[in-house]
């Protein structure tokens, strides 16, 4: 039954995103605008842009992901849907994973898909672009899982947005360092394998620890 | 899987069926923040019972329902639920309908969450019974409060016969027609061996079976 509930929640969230396209595309829009502003600010020196690119793309992806994760549980909490998810006998764990998965599908996947475009904009070569996309493919689920945890912890609080950023941002720093570092390694003709392996390990670690913590936070928030 | 005697053919609810407790609470106490709402509450919901929770505003009716469905923990006391009765169907103050789903989609989602039959036909029939079948493809945001309440309540008709219904102010926002449909559904559910716990400011107007009143003001913490 829990698999059915997982599918039901993901399918519903995707359907809601499809019906609110502007809201759903806001994070990717923010990402696009923020990343394309950098060349205007720092000048069009190609070498400088190439050096900045991995960091800029990663920071913008991180902020886009965190800005959109704030309302992950807010709507369901306010209209009683979260209560219904929790009384049905489904483990809160399943709900946490389903919500993180739907956030990743709506926000993370478009970010990864848009990466090659921004790689070209910053003058990265093919190998660096592929590494950047791969690092975001591993990194955006981490952001969704940690963001979901932050959203659950700050559920129902006033000034939840600020608190969420304070709680989650420090946790995401390792992913940022490893993700951007992988591209820097490729640019210096080194193998990005170590960075990507650590990023993968971080993903497994978050996938194991974030859902139970999120589940506990949801239980506390609805009590 | 419950061991229910074949009382289906007989209208009488006497005997084992009527005595099977779906839920029993002993010495229950409930706390909201640092305020003790009530303590020492004892009651039982047997198959075929309708329990009407009464009490002044702030006496803990909603908090008690949330304890009964397992959303919140009791401060003290014990609560036993009959596992064979399956999960309770809980309809809170909020209707839990998403503005951007159609009435039918919203009902199907909620049914799927709780493992109730969620096929379009069963859901459409439930909506028809509550008189919102004609609006099944309308977005929830275009429905009136009363119509939303009807969509939320339609879920009750998908629940198995022996289930326990926990309803927080189910008559809210309903018109005379809606109230009559709900009363009918509640009475039919009780007669079929199910249990109902409901809160209501006003007399729910149920007579067959007569609801058992649990007065929270009597156990209010002083």
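Every read-out reported here was derived from the displayed coordinates using simple, explicitly stated rules and does not represent laboratory data. All figures in this text were calculated on a predicted structure; none of them were measured in a lab. When we count neighbours, we look across all protein chains shown, and the Cβ atoms used for this are built from the backbone with ideal geometry, even at glycine.
Could you go through the stretch A:39-55 and let me know if any residue there is part of a helix (DSSP H, G or I), crowded, with 19+ Cβ neighbours inside 10 Å and within 14 Å of chain B (Cβ to nearest Cβ).
no
Which condition does residue B:187 not pass, out of (1) farther than 23 Å from residue B:47 by Cβ; (2) out of contact with any strand residue (DSSP E or B) (no Cβ under 7 Å at 6 or more places or on another chain); (3) surrounded by 14 or more Cβ atoms within 10 Å (Cβ to Cβ), if it passes all the others?
Going through (1) farther than 23 Å from residue B:47 by Cβ; (2) out of contact with any strand residue (DSSP E or B) (no Cβ under 7 Å at 6 or more places or on another chain); (3) surrounded by 14 or more Cβ atoms within 10 Å (Cβ to Cβ) one by one, residue B:187 breaks only (1).
Applying the selection to the stretch B:89-113, what residues are in contact with a strand residue (DSSP E or B) (Cβ under 7 Å, 6 or more places away or on another chain), facing chain A (nearest Cβ under 7 Å) and crowded, with 24+ Cβ neighbours inside 10 Å?
B:90
Given the criterion surrounded by fewer than 19 Cβ atoms within 10 Å (Cβ to Cβ), within 14 Å of chain A (Cβ to nearest Cβ) and on the phi > 0 side of the Ramachandran plot, identify the matching residue among B:131, B:70. Quick ask: steps written out before the conclusion?
Values: B:131 fails: within 14 Å of chain A (Cβ to nearest Cβ).
Of B:131, B:70, the one residue that is surrounded by fewer than 19 Cβ atoms within 10 Å (Cβ to Cβ), within 14 Å of chain A (Cβ to nearest Cβ) and on the phi > 0 side of the Ramachandran plot is B:70.
One residue is enough: does the stretch B:164-182 have a residue meeting the conditions within 20 Å of residue B:99 (Cβ to Cβ) and crowded, with 22+ Cβ neighbours inside 10 Å?
So far as the stretch B:164-182 goes, no, none of its residues is within 20 Å of residue B:99 (Cβ to Cβ) and crowded, with 22+ Cβ neighbours inside 10 Å.
Just wondering, is there one or more residues in the stretch A:24-33 that are surrounded by 14 or more Cβ atoms within 10 Å (Cβ to Cβ) and within 14 Å of chain B (Cβ to nearest Cβ)?
yes
Hey, can you tell me all the residues within the stretch B:190-214 that are assigned to a strand (DSSP E or B) and surrounded by 14 or more Cβ atoms within 10 Å (Cβ to Cβ)?
Step one: of the stretch B:190-214, the residues assigned to a strand (DSSP E or B) are B:195-199, B:212-214.
Residues satisfying the conditions are B:195, B:196, B:197, B:198, B:199, B:212, B:214.
Please return the ranges of helices (runs of 4 or more DSSP H) entirely within the stretch A:113-223 where 3 or more residues are more than 22 Å from residue A:56 (Cα to Cα) and free of Cβ contacts under 8 Å to residues at least 12 places away in the same chain.
Output list reads A:193-222.
Of the residues A:18, A:32, A:11, only one is in a helix (DSSP H, G or I) and touching a residue at least 40 places away in the same chain (Cβ under 8 Å); which? Before the answer, list the steps.
Numbers: A:18 fails: touching a residue at least 40 places away in the same chain (Cβ under 8 Å); A:11 fails: touching a residue at least 40 places away in the same chain (Cβ under 8 Å).
None of the others qualify; the one that does is A:32.
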